Amino acid sequence: MDLVLPLEYQLGNWCKHFTGRFQKQCRAGIAYMTFQASALPCLKDNCSTETCTHASFPTVTEVQAQMQEIEGLIKQALPNLSKGICPQCRKPIERKEIEGFSQYAMPCRHRLGTTF
């Protein structure tokens, strides 16, 4: 079973205000501690019984725009990566280092992606 959900689904499933589970509050100022950790209403289809009056999810059009933006960034980054150039600062990558599940370009330390 594939555990990675399609990006388009992921983009449309998170509330626009969500900032990440390791932050104290969302962009709307709602504290995540207000909700049970396993039942955040920030995820459209997590079957949460809790609700948030500020929950707002992207429209299909907004998700499509995000997908186009991401695809454009990938098209720009891949040629640089194949030439050993950091896609963020455009400086040569002398080596790559892995920390946890992330891979970094050295010496600039820009994140190149995940290793799994």
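The values are calculated or read from the model by the stated rules, or taken from the named source; none is laboratory data. Computed from a predicted model, the values in this text were never measured in an experiment. Here Cβ is always computed from backbone atoms with ideal geometry, including for glycine, and neighbour counts include all displayed protein chains.
Give me a count of the residues in segment 71-116 that are of a type in the set (A, V, I, L, M) and either loosely packed, with under 12 Cβ neighbours inside 10 Å or touching a residue at least 60 places away in the same chain (Cβ under 8 Å) (or both).
The number of residues fulfilling the criteria is 4.
Does at least one position in segment 31-40 carry a residue that is touching a residue at least 12 places away in the same chain (Cβ under 8 Å), closer than 28 Å to Leu112 by Cβ and surrounded by 12 or more Cβ atoms within 10 Å (Cβ to Cβ)?
no
Would you check if there is a residue in segment 35-52 being more than 25 Å from Glu8 (Cα to Cα), at pLDDT below 95, under 20 Å from the mean Cα position of the chain (by Cα) and not in a loop (DSSP other than H, G, I, E, B)?
No.
Being assigned to a helix (DSSP H, G or I) and either closer than 29 Å to Arg27 by Cα or among the hydroxyl-bearing types (Ser, Thr, Tyr) (or both): is that true of Ala65 here?
So Ala65 passes the test.
Only residues in segment 6-23 that are without any contact (Cβ under 8 Å) to a residue 12 or more places away in the chain count as the first member; pair them with residues that are assigned to a loop (DSSP other than H, G, I, E, B) and surrounded by 17 or more Cβ atoms within 10 Å (Cβ to Cβ), Cβ under 6 angstrom, at least 6 apart or cross-chain, and list the lot.
What qualifies is Thr19/Cys26.
When you check Ile70 against the structure, is it part of a helix (DSSP H, G or I) and of a type in the set (Val, Ile, Thr), yes or no?
Against the criterion (part of a helix (DSSP H, G or I) and of a type in the set (Val, Ile, Thr)), Ile70 qualifies.
Looking only at residues in segment 91-116 that are at pLDDT 95 or above and not in a strand (DSSP E or B), which one is nearest to Leu11 (Cα to Cα)?
Looking at the filtered set, the residue picked out is His110.
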